[in-house]
Every structure is written in structure tokens, then in C-alpha cells.
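The values are calculated or read from the model by the stated rules, or taken from the named source; none is laboratory data. What you see is a predicted model; the values in this text were computed from it and never measured. Methodologically, a virtual Cβ is constructed for each residue, glycine included, from the backbone with ideal geometry; neighbour enumeration extends over all protein chains shown.
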Ligand code: AMP
């Protein structure tokens, strides 16, 4: 994909970063250098390379450089802390771990536990810590690095998703998954080489990586790289660089709605705003149309399948609906017994197609449980309306979505329960106007002095990503339980509603 686009548009701008333009030819050279540097450290076909890096050019160079070697990219959410950082490199059996000045401090915290990692690379202008390599100082060969031959079903990336059992699962995405999906998206979103896209999504997530980055490289378009999203800055960049496409999560659209005087920015080139990763409230869709004059195109996807369903660019965009299945994706809704549900009846959304992952890395049981006859069980609930549009109504899985980032209660409950003053913990998602949802915990203390809320939050923050850390914790005497002993989370949600505390 990359090499074909470089041949077509060698001198075209691929990316603008901090005001500097990078052509496709430069991208190709940087990717060759990255591949050559990794090869010198012994990276071979099938090896795993962890990228714990924010949105910076080296992420892109190392991503494609790893793929050139037939090796596997393992992107890691930069907000992940000790627990996740110790787990992902070990579970993926990664040989190389790449980070930068920011990530190094957290990586260092977890370092004792990074089992199979043989080499760490730091992207930084400063001298590297004694047992790591500086990315910039690693030698590379001057000529173009030849890509190794790969097959469509070889794994390109393992992307970790939050797991129901409190342990993340690595979704194995193949070269076929990525290329077939981006082919569909380019068709449905009318994406071409003339498009210039503002990238404000993190590239460690499938939305930023498999949709935005791959989409730009596939079509030969350009991107303007933002290190981290800021609404007013996004509008400024769109205006300055005449961007015409933006893809974001609902929280970003809520933030854009809060910008004062948005029309002072030149948005006249914009043609497409896309939202996904969490439900887009109908109110946000309507207010955005009113304030900015655009109907947001909502789409639905997930780490395991990349994108599945999208509202059309030409045709009706229905507020509250995620749209129609992509060309190479089959979707069906099944009832409790697994039979296809009649139209308009709510059931679990099942997905099949060349976009669906190979399975979870080293988790055969979890893989088996998630497929029925090659249909992937999404764990999301929805129905099909009379026009064939799909509406998502809820989730079968107990997942919480905070600004598009996912957490399962079990992971947070486990961390809280490890605190010596905690006897039991239960976590639920409560609604939040800006973030969609946030994490709320209930704790039954051990006998003796009960822990303070601050103490418990501090404990979680040390171990977990900040979005997983509860925003509030209520101490209670006993957990509400069913006769069989299961915690009644609905009763906890009721407690929240009746309380004056958030
Ligand atoms: P992730 O693996 O982080 O991409 O999360 C995938 C999950 O995000 C899906 O299973 C859904 O629960 C949720 N999701 C993604 N897009 C949407 C959407 N447009 N509306 C509602 N939920 C969504």
C-alpha cells in the first residue's frame, strides 16, 4: 500500500507536522531507515515490536518499518501505566520496546517485569539511559530497505483491548483485515488523494491507526498531525492547512461545540466529519449541524474488526444510527438463542468479513468463545430499522466507555481490592456530559479505619491509566447482592442517582 502510493506521488505532501511538510518520498526513506534499524537489532518476520509512543512522526516510520520486515506492531495506549505496561510486552512476547522521554518514566516503573523484551529504544534528543538505544543514533543502511514477502493472512498488528476478565486481549489483525477495510472506507467516504485530514486521534488506537493513518496512505492524501487534541487548535489547524476531513470521538465534538466563535475559523474546505468509538448523542449531532452546518457521519467499529458500519456520505445520515454495513462486511442481529432476530427487534450484533481479526493472541479459549461459525460476537446490542440502518441500543458486555476509551469494571475492581483497607469493590459506569461515561466505584472497607476516597484514587492512579481510575468512590457498609451472592450493579446505579455526590 505504502510503496504503491510512494510510486504514484513521490513529491506530494504526506504529512504536515509542526508546520513542516514531509513528502511521500521522505516517508519512504524514513520507513526504510526504521526497518533497517530494527533489522540491525535482530527483528525478523513475525517478531513483535511494542510502540509506546504518542502521535509523532517516528510512530509512523516505525509502524511501517516494522511491517516492511514482516514483523508485528503492538501499539500501546500512552495513558497505560504500570499494570498494563508490565502485561502487554510480556503477553505479546515482544522483542523490542520503543518509547520516548514521556513514556520512559512509566516504562522504567514497570521495567523489572518486561519478560521477553531484548532491546529498548528511546526516541529522544537526549542521551539514552545506559541499557537502551537512542533511535536517532541507531545506524541504518543508506539504500532502500526491501520489504520481505508477506501473505495477506499474516499478522500486521496486535492491538490490545480491555478484557472482561480484567486482563487485556490482543486482537490479531492481518494485512488483509487492514487493506480490505480501508478499501471499503475509501469507497464509502469518497476518500481520495485530494483529501487533507486532520489527525487528532491517537495512533495507538484502531481508529487512528487502521482508519486515519492507513486511509491517508492508501489514498495518497495528506494528514496534519496533532500531538494531542485541543478543540480550538484543531479548528485553527483545519483553517491554516485547508483540511477537508476530520475524524473524532463524540467527546471531541462536544468540545468543538464549546469553542466560542467557531466561525471565525475558515472551515470552507471541510467536506466530512466522522465520529465513532462511542455513541454520538443525537443532541450533539443536531447542535453540531446547527453551529457548524455539517451532519456528522457516525460509524461503528471495534479493535477486533476495524470498521463495520457507517452512515453514507451520499445519502441519508440518520442521527442516532450508525448506518449501513460496509461493502465487505456482513452484519446480522441474533436473539438469545442465536437465531437471526426479526427486523426492528433488539439482539446482539454479529459481524463477518475480511475485516474480522484472526483471533486473540495466545488466547485460544477466548477466541473460540467469541466466534460462532466465523461470525464475530460484538457484545453490542442493536436492531435494524425499515431502511436497513442499524441502531445501537446498548451493550451485552459490562464495558464502560470514557471519551472513546474502554474499561471493564473487573480490572478496576481488582486493583481496588488489592488495597489493604478494602474488603470488596464494585465499579459501574455513570453518565457524563462530556466524556459519555465515567468510572464510579463502591467500596466496603475492612474493619478498622476506613480508607479515604483520595487515598484509593491515588492507589488506582499509580497502577492504572487515568481514564480507568474512578472519578469518585463511595464507601458503603455492605454490597447489595442477589440470593446467589452476585453484586446487583443496578442497585449501585440507583444509589448514585439518589445521592447528592456525583
Ligand atoms: P474499541 O475496541 O475501543 O474500538 O471499542 C469498540 C466498542 O466501542 C464497540 O464494541 C462499541 O461498544 C463501541 N462503539 C464504537 N463505535 C460506536 C458507535 N458509533 N456507537 C456506539 N458504540 C460504539
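Find the residue count for the range 364-395, including only residues that are more than 10 Å from the ligand (Cβ to nearest atom) and in contact with a helix residue (DSSP H, G or I) (Cβ under 9 Å, 6 or more places away or on another chain).
Counting residues in the range 364-395 that are more than 10 Å from the ligand (Cβ to nearest atom) and in contact with a helix residue (DSSP H, G or I) (Cβ under 9 Å, 6 or more places away or on another chain) gives 2.
Out of the range 218-231, which residues are closer than 15 Å to residue 189 by Cα and either touching a helix residue (DSSP H, G or I) at 6+ places or on another chain (Cβ under 6 Å) or not assigned by TED's automatic domain parsing to the domain that holds residue 305 (or both)? Spell out the reasoning first.
Restricting attention to the range 218-231, the residues satisfying the condition of being closer than 15 Å to residue 189 by Cα are 218-221.
Result: 218, 219, 220.
Looking at residue 7 and the list (1) touching a helix residue (DSSP H, G or I) at 6+ places or on another chain (Cβ under 8 Å); (2) within 20 Å of residue 182 (Cα to Cα), which single condition is not satisfied?
Every listed condition holds for residue 7 apart from (1).
State yes or no: is residue 338 within 28 Å of residue 254 (Cα to Cα), modelled with pLDDT under 95 and away from the ligand (no atom under 15 Å from the Cβ)?
Numbers: within 28 Å of residue 254 (Cα to Cα): no; modelled with pLDDT under 95: yes; away from the ligand (no atom under 15 Å from the Cβ): yes.
Spelling it out, it is not the case that residue 338 is within 28 Å of residue 254 (Cα to Cα), modelled with pLDDT under 95 and away from the ligand (no atom under 15 Å from the Cβ).
Within the set of pairs 6+ apart or on separate chains, which have a first residue in the range 289-311 that is at positive phi, a second that is in a helix (DSSP H, G or I), and C-beta atoms under 8 Å apart?
306/177; 306/178; 306/181; 306/206; 306/210; 306/211
Pick from the range 277-288 the residues that are in contact with a helix residue (DSSP H, G or I) (Cβ under 6 Å, 6 or more places away or on another chain) and at negative phi: which of them is farthest from the ligand (Cβ to nearest atom)?
Step one: list which residues in the range 277-288 are in contact with a helix residue (DSSP H, G or I) (Cβ under 6 Å, 6 or more places away or on another chain), which gives 277-278, 280, 284, 287-288.
Now narrow it down to the ones that are at negative phi: 278, 280, 284, 287-288.
Numbers: 278: 5, 280: 6, 284: 12, 287: 17, 288: 15 Å.
Going through the qualifying residues, I end up with 287.
Please note which helices (runs of 4 or more DSSP H) are completely contained in the range 396-502 and include at least 1 residues that are in contact with a helix residue (DSSP H, G or I) (Cβ under 7 Å, 6 or more places away or on another chain) and closer than 30 Å to residue 76 by Cβ. Show your work before the answer.
Numbers: elements: 409-417, 453-463, 489-498.
Ranges flagged: 409-417, 453-463.
Return yes or no: is residue 259 at pLDDT 95 or above, more than 16 Å from the ligand (Cβ to nearest atom) and in contact with a helix residue (DSSP H, G or I) (Cβ under 6 Å, 6 or more places away or on another chain)?
Values: at pLDDT 95 or above: yes; more than 16 Å from the ligand (Cβ to nearest atom): yes; in contact with a helix residue (DSSP H, G or I) (Cβ under 6 Å, 6 or more places away or on another chain): yes.
Against the criterion (at pLDDT 95 or above, more than 16 Å from the ligand (Cβ to nearest atom) and in contact with a helix residue (DSSP H, G or I) (Cβ under 6 Å, 6 or more places away or on another chain)), residue 259 qualifies.
Could you say whether any residue in the range 22-33 is crowded, with 24+ Cβ neighbours inside 10 Å and under 14 Å from residue 6 (Cβ atoms)?
Let us first name the residues in the range 22-33 that are crowded, with 24+ Cβ neighbours inside 10 Å, namely 31.
Then drop every residue that is not under 14 Å from residue 6 (Cβ atoms), which leaves 31.
Yes, there is a match, as at least one residue in the range 22-33 is crowded, with 24+ Cβ neighbours inside 10 Å and under 14 Å from residue 6 (Cβ atoms).
For the list (1) within 10 Å of the ligand (Cβ to nearest atom); (2) at pLDDT below 95, I need the number of the one condition that residue 309 fails.
Unmet condition: (2).
Among the numbered criteria (1) away from the ligand (no atom under 16 Å from the Cβ); (2) under 29 Å from residue 256 (Cβ atoms); (3) crowded, with 17+ Cβ neighbours inside 10 Å, which one does residue 416 miss?
Of (1) away from the ligand (no atom under 16 Å from the Cβ); (2) under 29 Å from residue 256 (Cβ atoms); (3) crowded, with 17+ Cβ neighbours inside 10 Å, only one is false for residue 416: (2).
Please go through the range 240-252 and give me each residue that is surrounded by fewer than 23 Cβ atoms within 10 Å (Cβ to Cβ) and out of contact with any helix residue (DSSP H, G or I) (no Cβ under 9 Å at 6 or more places or on another chain), ordered by number.
The answer is 240, 241, 242.
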